[in-house]
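Student: Questions regarding the structure given below will be posed in turn.
The values are calculated or read from the model by the stated rules, or taken from the named source; none is laboratory data. This is a predicted model, so every value here is computed, not measured. Counting neighbours? That spans all protein chains shown, and the Cβs are built from the backbone with ideal geometry, glycine included. The protein model used for the area step is the full one, side chains on, heavy atoms only, and it has no ligands, DNA or RNA in it. Shrake-Rupley method; radii C 1.70, N 1.55, O 1.52, S 1.80 Å.
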Amino acid sequence: VTTISVQLPAPVPGDVRDTLRKHMYWVTPGIRAVTVVEGEPPAMVVDYEGALDGPAVARALREAASEVLAGSDAFRPVVVHDSPVVLAAAPRTDPFPTLEQRRWVCAEAPGSFTYTGPMARLIDGLDRAFRRRLSAFGPAEVQLPTLVAPWTLHTAGGLGATAPSANYVFHLQEGRSVVDRFTAACVDPDTGELDLRSVPDTSDRPDAVLSPAVCQPFYRTLSDRTLDGPQVVSGRARCYRYESGATEGLRRLREFSVRELVCVGSETAVLRARETMLEAAAELLRERRVRGQIRTAADPFFIDSFSRMRMYQLSFSVKHELLAELPFDGSDLAVGSVNYHGDHFGRAWRIRTDNGEWAHSCCMGLGLDRWAYALFAQHGPDPDQWPAAVHGLLGGADGS
Ligand SMILES: [Zn+2]
């Protein structure tokens, strides 16, 4: 492993640091760890294990970093809400190792976990609390799929932008000989070890993507329709993002659960719904004793489009993030977002309002896993010590 230090042209704003790290894993194969070092001058320290020489990798990293940083100081995020919650005695340690040790959180595949005990109950309780709060919107419940057609993402204009973070799904080519070849190759006859590297030669082309943005299939259900009023739906779904080396504990998962609320309708109705969603988000933070903020945010897609997207999103306040503070290291964790899409999906799916205009849309996504992690981080790993408003989320015999 080679350690490469890259000097950065400018200090990295706090809200861009995470994005910068995330993008560096995509510069070239073999990037193992990325650390942003504040200081004079600011720098990035990168562990690299691959075929290129150090200076070539450093050059590529520097180039990618300046693209991410370009324009990052033109618009600053704006805090639109500060949660009034004060933590009496915020724990100084990351609860994650304790949760793992108690087997409430058990690693399954990279970025995917099985939850048991209080962690499982908390996630379910959070969803119930969210549904109760969102019932004020009068949503119809929808069941959103996990397997999404690549075509749906393409039509929504998203496959290009989400290409690197998408998880592609394929199956083996039909045929006895292919299956035999696969079976023979997937286990090394000498060591008995599983090795799925032979899959690309035996698989068919991917015919589905594990849903990277859960509300997309809903817009498709409204395609070529004229709405007779705002459509408001809610659903709990699994969401998937491949984040390469940036995958980390409960902070950045590859598979997670979301409670989603979607509104499609006229511009006026959707903007009003967006305001109400932001109010509901602020209430949820307060009600469930979460110390955090709601801020305008830029949604980072990919390196070449990041500065453009960031400028667009920040300047029109189209994305708001709910951030929970992690007291053990002072960082913020995005536990949800409220997104206004303008008429983007209305146009993409030819959805009109009754006065003939393209429908507008907005959605709110609440990440159940991260909410649970934030509550453990802010109130400690022992549910017995939690305030009633948090403990009540556990439900059941010993939770009420
Ligand atoms: Zn959404």
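Student: Being of a type in the set (Val, Ile, Thr) and more than 16 Å from the ligand (Cβ to nearest atom): is that true of residue 209 here?
Tutor: Values: of a type in the set (Val, Ile, Thr): yes; more than 16 Å from the ligand (Cβ to nearest atom): no.
No.
Student: So which of 93, 116, 98 ends up being over 19 Å from the mean Cα position of the chain (by Cα), among the hydroxyl-bearing types (Ser, Thr, Tyr) and open to solvent by 60 Å² or more (accessible area, probe 1.4 Å)? So that I can check it myself, show each step before the final result.
Tutor: Working: 116 fails: open to solvent by 60 Å² or more (accessible area, probe 1.4 Å); 98 fails: open to solvent by 60 Å² or more (accessible area, probe 1.4 Å).
Answer to the selection: 93.
Student: Follow-up question, since we're still on this one. Only one of (1) closer than 17 Å to residue 335 by Cα; (2) open to solvent by less than 80 Å² (accessible area, probe 1.4 Å) is not met by residue 131, so which one is it?
Tutor: If we test residue 131 against (1) closer than 17 Å to residue 335 by Cα; (2) open to solvent by less than 80 Å² (accessible area, probe 1.4 Å), just (2) comes out false.
Student: Does residue 369 fit the bill of being under 23 Å from the mean Cα position of the chain (by Cα), open to solvent by less than 10 Å² (accessible area, probe 1.4 Å) and away from the ligand (no atom under 16 Å from the Cβ)? Write out each step before concluding.
Tutor: On the way: under 23 Å from the mean Cα position of the chain (by Cα): yes; open to solvent by less than 10 Å² (accessible area, probe 1.4 Å): yes; away from the ligand (no atom under 16 Å from the Cβ): yes.
Yes; evaluated as a whole, the condition is true for this residue.
Student: Let me ask you something else. Of the conditions (1) part of a loop (DSSP other than H, G, I, E, B); (2) crowded, with 22+ Cβ neighbours inside 10 Å; (3) more than 16 Å from the ligand (Cβ to nearest atom), residue 214 clears all except one; give me its number.
Tutor: It is condition (3) that residue 214 fails.
Student: Oh, and also: Of the residues in the range 219-275, how many are part of a helix (DSSP H, G or I), open to solvent by less than 40 Å² (accessible area, probe 1.4 Å) and away from the ligand (no atom under 16 Å from the Cβ)? Spell out how you get there, then give the answer.
Tutor: From the range 219-275, those part of a helix (DSSP H, G or I) are 219-221, 244-246, 267-275; that's our starting set.
Filter once more, so that each one left must be open to solvent by less than 40 Å² (accessible area, probe 1.4 Å): 219, 244-246, 269-270, 273-274.
After this cut, where a residue has to be away from the ligand (no atom under 16 Å from the Cβ) as well, the list is 244-246, 269.
So the answer is 4.
Student: For residues that are more than 16 Å from the ligand (Cβ to nearest atom), of a type in the set (Gly, Ala, Ser) and open to solvent by less than 10 Å² (accessible area, probe 1.4 Å), tally how many sit in the range 315-353. Quick ask: steps written out before the conclusion?
Tutor: Step one: list which residues in the range 315-353 are more than 16 Å from the ligand (Cβ to nearest atom), which gives 315-317, 323-333, 347, 350, 352-353.
With of a type in the set (Gly, Ala, Ser) added as a condition, the list becomes 315, 317, 324, 330-331.
Now drop any that are not open to solvent by less than 10 Å² (accessible area, probe 1.4 Å), which leaves 324.
Matching residues across the range 315-353 total 1.
Student: I need the strands (runs of 3 or more DSSP E) fully contained in the range 1-66, keeping only those with at least 3 residues that are over 16 Å from residue 246 (Cα atoms).
Tutor: Working: elements: 2-7, 31-37, 43-48.
Result: 2-7.
Student: Going through the range 175-199 one residue at a time, which ones are open to solvent by 70 Å² or more (accessible area, probe 1.4 Å) and within 22 Å of residue 210 (Cβ to Cβ)?
Tutor: Within the range 175-199, 194, 196, 197 meet the criteria.
Student: Got a sec? Which helices (runs of 4 or more DSSP H) wholly within the range 277-381 have at least 1 residues that are at pLDDT below 95?
Tutor: Per the criteria, 303-315, 344-348.
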